[in-house]
Amino acid sequence: MKTTRIFLAAITLLMLTSAFTMRKTVTVFMIGDSTMANKDTTGGKQERGWGMMLQQYFKSGVVVDNHAVNGRSSKSFIDEGRWDVVLSKMKPGDYVIIQFGHNDEKPAADRHTDPGTTFDANLRRFVLESRAKGGIPILCNAVVRRNFYRQVDSSVDDESLRNTTYEDEKVNSDTLIDTHGAYLISPKNVARELDVPFIDANRVTHDLEQGMGIEGSRRLHMWFRPGEHPSVPKGRKDNTHYNVYGATVVAGLLAEEISHQVPALKKKMDIKKIKILKKKLK
């Protein structure tokens, strides 16, 4: 009888400990486009989204669940039911990092939104529906495109860059030229309106790429000369999507920015690893 009571007590303690552990685990959901998304790594493929590399900057007890998908805008992410999937998994105390803009700019009817109206409305929806589930939203604006040319070709679809091959680039500016316009302002405005933490991902990545210079910043992207890497034998010229190195660096810098804007998450971050990263960048 005594042995039974001890056994039952041990089982109860184990269940309580497990429940406590589960409550201590926080999920950081991510929704966005190809600059954030998980990628196919088979065959040595080098493309990475920064959300794919974020987990390494958190301590145990945080799980990054990346739902960002190539080519999606705030509109198509909702219309395809992807947002509903994230909401169904969200628990009180979880976070959701929201970053759109690259594809909301595109003219296609299934993706296009307008800053100040439909884009802002979608961002508000993400925020308000997250909060209704007890989640904590974090708004980001779009990461910068590596563009040192004053005449921006707005007809180029980011997804088509995967089919490019290496060639010399047109450069007529020493400084990065913005390609996002008012799409950078909407997340900031909605964040201010609804009292949401705002991550200026465009500023962070602009400063990074500008600091590395015209040629140095290629190291962050899917820029490969013919024969440089077996996964892209003909080379590639892609100023939007990150390679392994670029996504790792951007994830670390944005993790640092998140730690400044969301103090509760700073306690769960590997700040030492972020400092080591920044030291290597100097």
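The values are calculated or read from the model by the stated rules, or taken from the named source; none is laboratory data. Note that the structure is predicted; figures quoted are calculated from it, not measured. When we count neighbours, we look across all protein chains shown, and the Cβ atoms used for this are built from the backbone with ideal geometry, even at glycine. To get the accessible areas, we keep the full protein, side chains included, count just its heavy atoms, and leave off ligands, DNA and RNA. Shrake-Rupley method; radii C 1.70, N 1.55, O 1.52, S 1.80 Å.
Within the stretch 164-192, which residues are of a type in the set (Phe, Trp, Tyr) and within 17 Å of the chain's Cα centre (by Cα)? 183, the sole residue that qualifies. Residues in the stretch 202-218 include none that are surrounded by 14 or more Cβ atoms within 10 Å (Cβ to Cβ) and either touching a strand residue (DSSP E or B) at 6+ places or on another chain (Cβ under 7 Å) or on the phi > 0 side of the Ramachandran plot (or both). Which condition does residue 272 not pass, out of (1) within 27 Å of residue 159 (Cβ to Cβ); (2) part of a helix (DSSP H, G or I); (3) without any contact (Cβ under 8 Å) to a residue 12 or more places away in the chain, if it passes all the others? Condition not satisfied by residue 272: (1). Kindly provide the set of residues from the stretch 162-188 that are at pLDDT below 80 and surrounded by 15 or more Cβ atoms within 10 Å (Cβ to Cβ), ordered by number. Within the stretch 162-188, 162, 166 qualify.
Before we move on, is residue 30 among the hydrophobic types (A, V, I, L, M, F, W, C), open to solvent by 30 Å² or more (accessible area, probe 1.4 Å) and under 24 Å from residue 274 (Cβ atoms)? Taking the combined requirement at face value, the residue does not satisfy it. Only strands (runs of 3 or more DSSP E) whose full extent lies in the stretch 46-155 are considered here, and the ones with at least 1 residues that are open to solvent by 30 Å² or more (accessible area, probe 1.4 Å) and touching a residue at least 24 places away in the same chain (Cβ under 8 Å) are 62-66, 136-140. Filtered by the rule that a residue be part of a loop (DSSP other than H, G, I, E, B) and either in contact with a Phe, Trp or Tyr (Cβ under 8 Å, 6 or more places away or on another chain) or modelled with pLDDT of 95 or more (or both), the stretch 24-45 gives 33, 34, 35, 36, 37, 38, 39, 40, 41, 45.
Of the residues in the stretch 101-112, none is at pLDDT 95 or above, hydrophobic (A, V, I, L, M, F, W, C) and in contact with a Gly (Cβ under 8 Å, 6 or more places away or on another chain).
Checking each residue of the stretch 244-259 against the condition of being of a type in the set (A, V, I, L, M, F, W, C), modelled with pLDDT under 95 and on the phi < 0 side of the Ramachandran plot gives no match. The conditions of being over 24 Å from residue 64 (Cα atoms) and surrounded by 16 or more Cβ atoms within 10 Å (Cβ to Cβ) are met by residue 236.
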